[in-house]
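Written out below as structure tokens is the structure these notes cover.
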Amino acid sequence: MNYQLAREEMVDVQIARRGIRDERVLEAFRTVPRHLFVPARDRDHAYADSPLPIGKGQTISQPYIVAYMTDLLNLQGDEIILEIGTGSGYQAAILGGLAAEVHTIERHDKLARAAQKRLSKLGYENIHVHQGDGTLGLLEFAPYAAVMVTAAAPAVPRPLLEQLQDGGKLIMPVGERFGQVMELWQRRGEEFTSKKLAPVAFVPLLGRHGWDTPRL
Ligand code: SAM
């Protein structure tokens, strides 16, 4: 399979044609080798218009959803960003090409280690994977110009809003366990504004300020 061609077609048909016009965003999607972020047996489906399993019951989101969330942050290249829900590391790799530094938190130790290894091998030196409960944010490197949460919770975790810089944006799916609405928040001083965008379906954000963690 010609992955380069598949990638270009994914960008044209699934992303640009659905209204994403920012050339920097489109170029990031043409560059990141999505097939190297999915299990080997699924490589030939990596550029399909759908999410894919990545192990531990988790998924890599549909390319358009990754592009939609990325585009809404309107990144210029000099930002420090926090992502919650590293998963495969694909969304972090996209953000890494559009911002100065990306910190990304994953609660599953095995997924976090695999993503760090993959990103290092691919040469993404500005992406830092942390293992832990992302609902607490990461105070050490705050404030952030943008926070992106790629799992859904009943409400936006307060620590994530508090770790935004003035003017900073937060994007995340908010709602019920099996259906949510994408929300875009912005900080202005100590005030926060929010907009409800499109309906979506994400895996749950588990943790202190998310859904309860299932007992093992
Ligand atoms: N962004 C990922 C990618 O590009 O592959 C896909 C994310 S997947 C839809 C959601 C991820 O959020 C899962 O890997 C899950 O383990 C993680 N997650 C859930 N709750 C979390 C938490 N409290 N902190 C960090 N990660 C969490």
Legend entry - segment 51-72 - residue that is hydrophobic (A, V, I, L, M, F, W, C) and within 8 Å of the ligand (Cβ to nearest atom) and, of those, surrounded by the most Cβ atoms within 10 Å (Cβ to Cβ): VAL66
Legend entry - Every residue from segment 96-115 that is of a type outside the set (D, E, K, R), within 13 Å of the ligand (Cβ to nearest atom) and either touching a Gly at 6+ places or on another chain (Cβ under 8 Å) or in a helix (DSSP H, G or I) (or both): GLY96, VAL102, THR104, ILE105, LEU111, ALA112, ALA114, ALA115
Legend entry - Tabulated pairs, segment 111-126, first closer than 17 Å to THR59 by Cα, second at pLDDT below 95, C-beta under 9 angstrom, 6+ apart or interchain: LEU111/ILE54; LEU111/GLY55; LEU111/LYS56; LEU111/GLN58; ALA114/ILE54; ALA114/GLY55
Legend entry - Matching entry among GLN163, GLN186 (being touching a strand residue (DSSP E or B) at 6+ places or on another chain (Cβ under 7 Å), within 24 Å of TYR68 (Cβ to Cβ), surrounded by 14 or more Cβ atoms within 10 Å (Cβ to Cβ) and in contact (Cβ under 8 Å) with a residue 60 or more places away in the chain): GLN163
Legend entry - Checking SER120 against (1) more than 15 Å from the ligand (Cβ to nearest atom); (2) in a strand (DSSP E or B), the condition it does not meet: (2)
Legend entry - All positions within segment 121-148 that are of a type in the set (A, V, I, L, M) and more than 18 Å from GLU101 (Cβ to Cβ): LEU136
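The values are calculated or read from the model by the stated rules, or taken from the named source; none is laboratory data. Since this is a predicted model, take the numbers as computed values, not measurements. Don't worry about glycine lacking a Cβ; one is built from the backbone with ideal geometry, like all the others, and counts go over all protein chains shown.
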